[in-house]
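The values are calculated or read from the model by the stated rules, or taken from the named source; none is laboratory data. Treat the numbers as computed from the prediction; the structure is a model and nothing was measured. Cβ atoms come from the backbone with ideal geometry, glycine included; neighbour counts cover every protein chain shown. Surface accessibility is based on the protein's heavy atoms, side chains included, excluding ligands, DNA and RNA. Shrake-Rupley method; radii C 1.70, N 1.55, O 1.52, S 1.80 Å.
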Amino acid sequence: MQRIKMLEYARLVVDTLPTVKAYLSPRSRFALHAPDAYKSYDFYLSNLERLTRTLYNNQIGGEFIDLMANLISGQFLDAYEKAYFEEGYTGELPSYLLTAYQDDVLKQYDFVDRFFRDIIDARIDGKPIDGLLSRVKLWANRWNEAYQNALRAIALENGGNLIWQYGDADHCDTCRSLNGIVASAREWEASGLRPQGDMLDCHGYNCKCTLKPTDKRRSPKALEHRAQILRYRFYHVSDSHP
């Protein structure tokens, strides 16, 4: 809340004295035009695209890395809080969710430097931005993954069941076979099958499926059979292509 008030004050100063904008760093100019709150996949995608274009057009430099890191941490926190509140909880995230959130964020940080270098190389080599923007969509889908990870962690903590449901995207054979399957959170965790996961036929790149908490009864034996087949397929292919 304090950050938002400071941002509103900064915008007021710039609106009152437009000449001040010339003395702001690229990072500050970006922050002034960013929305006040983190808001899901669409917000994440639009800001990732804007950051990528800004660096590609040489309007910012190394501060891209900090901006990207801040965007990731804010977006993932939003995803975890959304899942927590939708499950009927209030207040601050419990420690088990904070730990899962931090793990998700750190995994994404590992790729920020490489993406930064790839954007710079594309600009220097005169390559079109289209390929980079396609990768941005994959980055944005990690918001959905973080949201799913939060739901799964909550269900694991409380011993609930989860049902696989289609999302608004083309579906691979794995997702079609899992749609409507109900299993406990622990069974889903043990199987390795999850929306946006790499064990899916689509490798989860554009997957919009979800595992939602449900009061429905467990689907007998269906998950075990699919998990065995898919686990064999995944590791067989992985061993063939090091």
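Tell me which residues, restricted to segment 180-205, are among the charged types (D, E, K, R) and assigned to a loop (DSSP other than H, G, I, E, B).
Arg194, Asp198, Asp201
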Seminar exercise, completed: Here the residues within segment 124-136 that are open to solvent by 60 Å² or more (accessible area, probe 1.4 Å) and either in contact with a Pro (Cβ under 6 Å, 6 or more places away or on another chain) or closer than 16 Å to Met68 by Cβ (or both) are Arg135
Problem set entry | Hey, Gly62 within 16 Å of the chain's Cα centre (by Cα), small (Gly, Ala, Ser) and either within 30 Å of Leu162 (Cα to Cα) or open to solvent by 30 Å² or more (accessible area, probe 1.4 Å) (or both) or not | no
Seminar exercise, completed: Pairs returned, first residue in segment 206-217 that is assigned to a strand (DSSP E or B), second residue that is among the acidic types (Asp, Glu), beta-carbon separation under 8 angstrom, 6 or more apart or interchain, are Pro213/Glu87
Exercise. Taking into account only those residues within segment 168-179 that are open to solvent by less than 40 Å² (accessible area, probe 1.4 Å) and assigned to a loop (DSSP other than H, G, I, E, B), which is modelled with the lowest pLDDT?
Worked result: Ala169
Seminar exercise, completed: For segment 81-96 the number of residues that are modelled with pLDDT of 95 or more and within 20 Å of Asn141 (Cα to Cα) is 0
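Is there a residue in segment 143-151 that is surrounded by fewer than 18 Cβ atoms within 10 Å (Cβ to Cβ) and of a type outside the set (A, V, I, L, M, F, W, C)? Walk me through how you get there before you give the answer.
Step one: list which residues in segment 143-151 are surrounded by fewer than 18 Cβ atoms within 10 Å (Cβ to Cβ), which gives none.
No - not one qualifying residue is present in segment 143-151.
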Exercise. Name the pairs whose Cβ atoms lie under 8 Å apart, with the first residue in segment 58-72 and closer than 15 Å to Asp121 by Cα, the second basic (Lys, Arg), and 6 or more positions between them or separate chains?
Worked result: Asn58/Arg123; Ile60/Arg27
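Here's the yes/no breakdown for (1) among the hydrophobic types (A, V, I, L, M, F, W, C); (2) farther than 30 Å from Asp215 by Cα:
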site: Phe43; (1), (2): yes, yes
site: Glu63; (1), (2): no, yes
site: Leu77; (1), (2): yes, no
site: Tyr80; (1), (2): no, no
site: Ile119; (1), (2): yes, yes
site: Arg135; (1), (2): no, yes
site: Ala146; (1), (2): yes, no
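Would you confirm, using the coordinates I've provided, whether Phe115 is over 13 Å from the mean Cα position of the chain (by Cα), among the aromatic types (Phe, Trp, Tyr) and surrounded by fewer than 18 Cβ atoms within 10 Å (Cβ to Cβ)?
No, not satisfied.
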Exercise. Which ones in segment 83-101 are assigned to a helix (DSSP H, G or I), surrounded by 14 or more Cβ atoms within 10 Å (Cβ to Cβ) and of a type outside the set (Phe, Trp, Tyr)?
Worked result: Ala83, Glu86, Leu97, Ala100
For this session: Considering only residues that are open to solvent by 30 Å² or more (accessible area, probe 1.4 Å) and touching a strand residue (DSSP E or B) at 6+ places or on another chain (Cβ under 9 Å), look in segment 191-213 and name the one that is farthest from Tyr166 (Cα to Cα).
Result: Pro213
Exercise. Before we move on, is Ala79 surrounded by 12 or more Cβ atoms within 10 Å (Cβ to Cβ), under 13 Å from the mean Cα position of the chain (by Cα), assigned to a helix (DSSP H, G or I) and small (Gly, Ala, Ser)?
Worked result: yes
Exercise. Does segment 84-105 contain any residue that is within 13 Å of the chain's Cα centre (by Cα) and closer than 17 Å to Arg135 by Cβ?
Worked result: no
Exercise. Is one or more of the residues making up segment 138-152 out of contact with any Pro (no Cβ under 8 Å at 6 or more places or on another chain), under 16 Å from Thr99 (Cβ atoms) and of a type in the set (A, V, I, L, M)?
Worked result: yes
